[in-house]
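Before any comments, here is the structure.
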Amino acid sequence: MPKPGAYVPDVTEGITRVEDLPKAQVIRRSRNYKRRPCPECGRSAYRVRSFTRVLHELGDPVAERPRDLHVTYSQHRCIKCDIYFNADMDDLALPKCHYTHRAVATAVRLVVEDGLPYRAASWHLWRDHRLFVPFGTIQNWVEAAGKKSARLRRG
Ligand SMILES: [Zn+2]
């Protein structure tokens, strides 16, 4: 009979093959529009094509599966300014980042607030949030966040 507080190891412990790990749940999001205002001149600009971007999100702790957002977004062209630009998705993630804001914030808090070393934070994110982040990536985020808060303090 299991007791409260009894130690139960993580179900993925000892798994050495990537294909044996739980598959990610896919959540679809759309930032796909026919027209968007040009960031330079404000005129309505037509969509020329659309792309999909994958963002890793905190996983589902009940199903013990990772979660990925598949964001379909449109690229637009302003004929007057002769520029291409993408539909805004800054509410989901920073440009070029492969993780959502929520995922990054959780990782940074584990180090800054809870004082976990980077490797331990990386393991914690996998074990409790089913989010795989290499520890070097967490270190980059924490260092960037440190620079930002130092700037805020000086300002
Ligand atoms: Zn324009």
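Derivation of every value follows stated rules applied to the coordinates shown; laboratory data play no part. Computed from a predicted model, the values in this text were never measured in an experiment. All Cβ positions, glycine included, derive from the backbone under ideal geometry; neighbour counts span all protein chains shown.
Here are a few things to note about the model shown:
- Check on R53, outside any loop (DSSP other than H, G, I, E, B), more than 16 Å from the ligand (Cβ to nearest atom), surrounded by fewer than 19 Cβ atoms within 10 Å (Cβ to Cβ) and among the basic types (K, R): yes
- The range 29-45, subset within 27 Å of L55 (Cα to Cα) and assigned to a loop (DSSP other than H, G, I, E, B), residue farthest from the ligand (Cβ to nearest atom): N32
- Among the residues making up the range 71-106, those that are crowded, with 16+ Cβ neighbours inside 10 Å and of a type in the set (S, T, Y) are Y73, S74, Y99, T100, T106.
- The one condition in (1) in contact with a Phe, Trp or Tyr (Cβ under 6 Å, 6 or more places away or on another chain); (2) exposed (fewer than 11 other Cβ atoms within 10 Å of the Cβ) that I138 fails to fulfil: (2)
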